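Colleague: Structure in structure tokens, see below.
Derivation of every value follows stated rules applied to the coordinates shown; laboratory data play no part. Computed from a predicted structure; not experimentally measured. Positions of Cβ are generated from backbone atoms using ideal geometry, with glycine treated the same way; all protein chains shown enter the neighbour counts.
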Amino acid sequence: MSEILAENLSGKTVMGADGAELGMLYNVTMDLKTGTLQNLIVDPGESAPRESAFQRNDHGHFLVPIGDVQAVRDHIVVAR
């Protein structure tokens, strides 16, 4: 995947590869020792599925592993 500045990710919609909207990108987590990105933290939208294969944090946000990211353009597309 090519380089993308974090500021360009802010406010992007996160969608499943099937076209289902999961919500808006809230934040990204990383391993502080290695600098490796770990998860997208996604704020579920109104139309987000109640049940999902993705784990949720204590605030109800989806935790999407970075390895599930398939494309970043107008939207962030992730495998579901």
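Colleague: Give a residue-ordered list of calculated ³J(HN,Hα) values for region 57-70 (Karplus: 6.51 cos²θ - 1.76 cosθ + 1.60, θ = phi - 60°; whole Hz; x for Gly, Pro).
Modeller: Karplus values, whole Hz, x for Gly and Pro: 8, 4, 9, x, 6, 6, 10, 9, x, 4, x, 8, 6, 9.
Colleague: Would you kindly give the portion of the calculated P(r) for the chain that falls above 19 Å, as a percent of all Cα pairs?
Modeller: Working: 899 of 3160 pairs.
So the portion of pairs separated by more than 19 Å is 28 percent.
Colleague: Can you give the net charge of the other residues whose Cβ lies under 12 Å from the Cβ of I76, counting K and R as +1 and D and E as -1?
Modeller: Every neighbour counted, the sum reads -1.
Colleague: Add +1 for every Lys or Arg and -1 for every Asp or Glu among the other residues with Cβ under 13 Å from the Cβ of A20, and state the total.
Modeller: Around A20, the charge tally is -2.
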